[in-house]
1. Round to the nearest 10 and give me the degree value, 0 to 90, for the angle of helix 147-160's Cα axis relative to the longest principal axis of the chain.
2. Cα atoms only, region 97-151: Rg and Dmax in Å?
3. By what distance, in whole Å, do the Cα atoms of the chain stretch along each of the three principal axes, largest value first?
4. Grab the alpha carbons of region 3-67, take their convex hull, and tell me the volume per residue in Å³.
5. For Lys88, go through the lysines and keep the ones whose alpha-carbon is under 18 Å away, minus same-chain ones fewer than eight residues off.
6. Under the definition of Cα pairs under 8 Å and six or more residues apart, what whole-number percent is the relative contact order of the chain?
7. When N is the residue count of region 62-103, what does its C-alpha Rg come to as a fraction of 2.2 N^0.38 Å?
8. What does the C-alpha gyration tensor say about the overall shape of region 30-84? Classify as rounded when a/c is under 1.5, otherwise prolate if a/b is larger than b/c, or oblate.
Amino acid sequence: VILNVLHNRGGGTLHHVQELAQILEKKAIFLNLIPAPGGNLIIKIVDPNEAFELIFDINSEFNDLIRILKSLGVAHVHYHHLMDHDKKVFDIANILNVSYDFTAHDYFTFCRNITLTDSKNVYSHPDPLGRCACCEANAPSDFGTTINGWREINKKLLIGARNIIAPSVF
């Protein structure tokens, strides 16, 4: 059982996850963990013919979520996107004591703007150290930290990954 962590905005990330599940359907069962309004998390099976869905409140039912993931036999976590997720979700693979991979679908791990575009919607080249030019380093960001702090949180996640995958048509 593989747990995919992704955002709730559909698009290319969801399509990619569905394709992976279809290609590997005889080798694994795929579950999606997606954020929902009100601090909730939804677990869904990646099969359009199945209606399996569980909803957990991230604050009051996080331990129940972990218990259910263990009972479902989650053996690996694949982080596809962390947009709109609570920081607790970053630790799920470690809490379950399983390996994890990370697929970089865009620039979200080091820039809050997934397209690296500035306020005029113009591409903003990263500097030589890989920092975007869109965000001020000390600007507020998710998890009560600054952009630099947020990058450090993402850096720890990336360093711990078994594999980092960057899909491309090339």
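1. 50
2. Just the Cα atoms of region 97-151 yield Rg and Dmax of 12.6, 44 Å.
3. 44, 40, 28
4. On the way: hull volume 5.5 nm³, N = 65.
Each residue corresponds to 84 Å³ of Cα convex hull volume.
5. Qualifying lysines at Cα under 18 Å: Lys70, Lys155, Lys156.
6. Details: 258 pairs, mean separation 31.4, N = 170.
Computed over the chain, the figure is 18 percent.
7. Numbers: Rg = 10.1 Å, N = 42, 2.2 N^0.38 = 9.1 Å.
For region 62-103, the normalised Cα radius of gyration comes out at 1.11.
8. Working: a/c = 1.36, a/b = 1.18, b/c = 1.15.
Rounded, since a/c falls under 1.5.
Here, each number is a calculation from the coordinates, and none is a lab measurement. This structure is a prediction, so every number in the text was calculated from the model and none was measured.
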